[in-house]
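Below is one structure; the comments refer to it alone.
The values are calculated or read from the model by the stated rules, or taken from the named source; none is laboratory data. Note that the coordinates shown come from a computational prediction; the quantities given were computed from them, not determined experimentally. Note that we place each Cβ from the backbone using ideal geometry, even for glycine, and neighbour counts take in every protein chain shown. Each accessible area value is taken on the protein alone, full model and side chains, heavy atoms only, with ligands, DNA and RNA left out. Shrake-Rupley method; radii C 1.70, N 1.55, O 1.52, S 1.80 Å.
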Amino acid sequence: MIFREAIIDDIKQMQIVRNAVKENVLSNPELIKDADYIPFITSNGKGWVCEIDEQIVGFAIVDIKEKNIWALFVHPNFEAKGIGKQLHKIMMDWYFTKTKETIWLSTEPKSRAEIFYKINGWKEVGTYGKGEVKFEIGYENWEHG
């Protein structure tokens, strides 16, 4: 298992992971195009991938400009191996070296992601968009190191 920063050449495989998930499924996979990833991994934030045998099996992207987790997904065939947890830690540790400002995300209610974020210290603060659960976490609540 290799964790590294995402590059533009990773986007095709990241899209495969994104479209394979069983929760937080896109209503239309065409809604997020390859080009949509580029600013998030180059100028607006940073992304990381997990590779196994040169195949991307998970990825995480943070948007530092909007102080938002843009993506954290693991391919269903590779769930429950600690990949999401490690990607989350890498991403959050990086974010809080760049700013101490509170960060937010939204996810599908009653999903495993909702449970994951609660376990990892995120606080539910309301709803977002079309009924998603909105979470926030501040620097003081993040388990550093």
#### Entry: Rg/Rg_globular for segment 59-133, with Rg_globular taken as 2.2 N^0.38 Å and Rg from C-alpha atoms
1.08
### Task
With only alpha-carbon atoms counted, please give the Rg and Dmax of segment 1-128, in Å.
13.7, 40
## Note on the structure
Eigenvalues of the alpha-carbon gyration tensor of segment 92-145, times 5 and square-rooted, give semi-axes in Å, largest first, of 21, 12, 8
### Message
I want the local charge near LYS110. Using Cβ-Cβ distances under 14 Å, sum +1 for each Lys or Arg and -1 for each Asp or Glu among the other residues.
### Response
-2
### Summary
Relative contact order of segment 1-127 (C-alpha contacts under 8 Å, at least 6 apart) in percent is 23
### Query
In the full protein assembly as shown, how much of TRP104 is accessible to a 1.4 Å probe, in Å² to the nearest 10?
50
### Task
Would you work out which of GLY45, ILE56, THR99 lies farthest towards the positive end of the dipole of the chain, given +1 charges on the beta-carbon of Lys and Arg and -1 on that of Asp and Glu, about the Cα centre?
THR99
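If packing is taken as the mean number of other Cβ atoms within 10 Å per residue, what is the order of 54-63, 106-115, highest first?
The densest-packed peptide leads the list: 54-63, 106-115.
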#### Entry: Cβ charges +1 (Lys, Arg) and -1 (Asp, Glu), total dipole of segment 27-92, debye
380
### Task
Taking all protein chains together and a probe of 1.4 Å, list ASP34, ASP53 from the most accessible to the least accessible.
ASP53, ASP34
